[in-house]
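Each remark here refers to the structure printed beneath this line.
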Amino acid sequence: FEEVLDGVRRWTGDRRFQIGVALLRGEITPEAAARGLSAVADTVIGALLPQVHREFAQTHGQVPGGEFAVLALGKLGARELTASSDLDLVFIYRVPDGVDQSDGGKPLPPSLYFQRLGQRLIGALTVLTAEGELYQVDMRLRPTGNKGPVACSLESFISYHADEAWTWEHMALIRARTVAGDPALCADVRAVREAVLTRPRDRAVILADVADMRARIAKERPGQGAFDVKDRPGGLVDVEFIAQGLILSTAAPGAASLPPDLGHTLTGLHWLASVGVLTPDAADRLIRAGRLWQRLQVMLRLAGTGKFDPATAPEGVRRALVRAAGVLDFSILEQEMSEAATEVRALFQALIVPAVPAATDPSATGDA
């Protein structure tokens, strides 16, 4: 098992290195790099899960008829992974009626069995071995967050999203994608996700929640300069919140079918334009800005520069950013960034904020 962990780390390191070099040479686009890094993570999770389960079963056996699925959210779910992204994961299991324990030498009840299996998978993904580190895993998007169990049953997952989940959790579900596990359970998880996303909603309430959450984030993370492309006003968070808020308030039973890659921000914006929620001009502006922010974020995270200061940044990094953005020089890049941020912020105010009814207090919509 230790050899497996080391081998996975070597393979992953090689693939990441290949993707990074190809990106720096201009042989692939930042979008292709993000998809490639996401595919690497998908492959790693899919390869490690059966190995972890086999090792775990040597002591605790199997849960007869039990199923386990890994749901990816965040950047991995959207296939927008960067070189330094965490893996946002949720573990879901299903057990036939009447099964009350596993069949191994040290049997466990199903709930404890799958929680420990999930913990073992997290360990396999995060433990530092002689071959280095693999990924950091973030489980905060699971039902009830850090207070909840590592793995939840399909029934509790359904119940939570029907009765308890906040708007931001349903926004996160837009980017959810099954990446490993038993095929039948994965298919049912996908069906649950679609049912949740197409549930009838009060548009004004949803958009009020989105406006409130964005204001809270801006207060906690106001953005550290123009090259904080995620949190700056008019940056990537604004683009993502426009897309997710409009998707959540638009998707409904009988609406146009949700595309498979709806969680990818640019795909979501294209879909919103195709169903008439966004005008062609607004969609084009948001897509161009979203593409610019994503390209710069992929490159900045590959460079690993932390807070980017144009005045002290290495010339090679500056050139890489210019090439990623597809412009002629750094001054043009800064101008395009400024124009994109201004346009996105204006669209956020036009599409999200005015939808809040005058009598609605966004602060009363729950803790984001």
> Per residue, what accessible area does the range 1-156 have, given a 1.4 Å probe and all protein chains present, in Å²?
Replying inline: 45 Å²
>> If I take the Cα coordinates of the range 1-122 and project them onto the principal axes, what are the three extents in Å, biggest first?
In response: 56, 29, 18
>> Need one number: convex hull volume per residue for the range 17-79, Cα atoms only, in Å³.
In response: 91 Å³
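Provide the net charge surrounding Ile242, with neighbours chosen by a C-beta distance below 13 Å and charges set as Lys +1, Arg +1, Asp -1, Glu -1.
Values: positive: Arg214, Arg285, Arg345; negative: Asp238, Glu240, Glu343.
So the surrounding residues net to 0.
Under 4 °C and 1.567 mPa s, how fast does the chain diffuse according to Stokes-Einstein, given a Kirkwood radius computed over C-alpha pairs? Answer in µm²/s, whole number.
Details: Rh = 21.9 Å.
The estimated diffusion coefficient comes to 59 µm²/s.
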> Which whole-angstrom value gives the distance between the alpha carbon centres of the range 155-184 and the range 264-311?
Replying inline: 25 Å
>> Test of understanding: in a Gaussian network model of the chain with alpha carbons linked when under 10 Å, which of Gly105, Gly36, Gly123 would top the mean-square fluctuation ranking?
In response: Gly105
>> How large is the accessible surface of His53 in square angstrom, using a 1.4 angstrom probe and rounding to the nearest 10?
In response: 40 Å²
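Of the accessible area of the range 87-140, with the probe set at 1.4 angstrom, what percent is carbon plus sulfur?
Values: 1180 of 2640 Å².
Of all accessible area on the range 87-140, carbon and sulfur atoms account for 45 percent.
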>> Please compute the Kirkwood hydrodynamic radius of the range 242-310 from all pairs of different C-alpha atoms, in Å with one decimal.
In response: 13.4 Å
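Only bridges whose two residues both fall in the chain count here: according to DSSP, what percent of them are antiparallel, nearest 5?
On the way: 12 of 17 bridges.
Rounded to the nearest five, the antiparallel share is 70 percent.
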> Based on the mean of other beta carbon atoms within 10 Å per residue, what is the order of 289-301, 10-22, most packed first?
Replying inline: 289-301, 10-22
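The values are calculated or read from the model by the stated rules, or taken from the named source; none is laboratory data. Keep in mind it's a predicted model, so treat the numbers as computed, not measured. As a convention, Cβ positions derive from the backbone with ideal geometry for all residues, glycine included, and neighbour counts pool all protein chains shown. These accessible areas exclude ligands, DNA and RNA; they are computed on the full protein's heavy atoms, side chains included. Shrake-Rupley method; radii C 1.70, N 1.55, O 1.52, S 1.80 Å.
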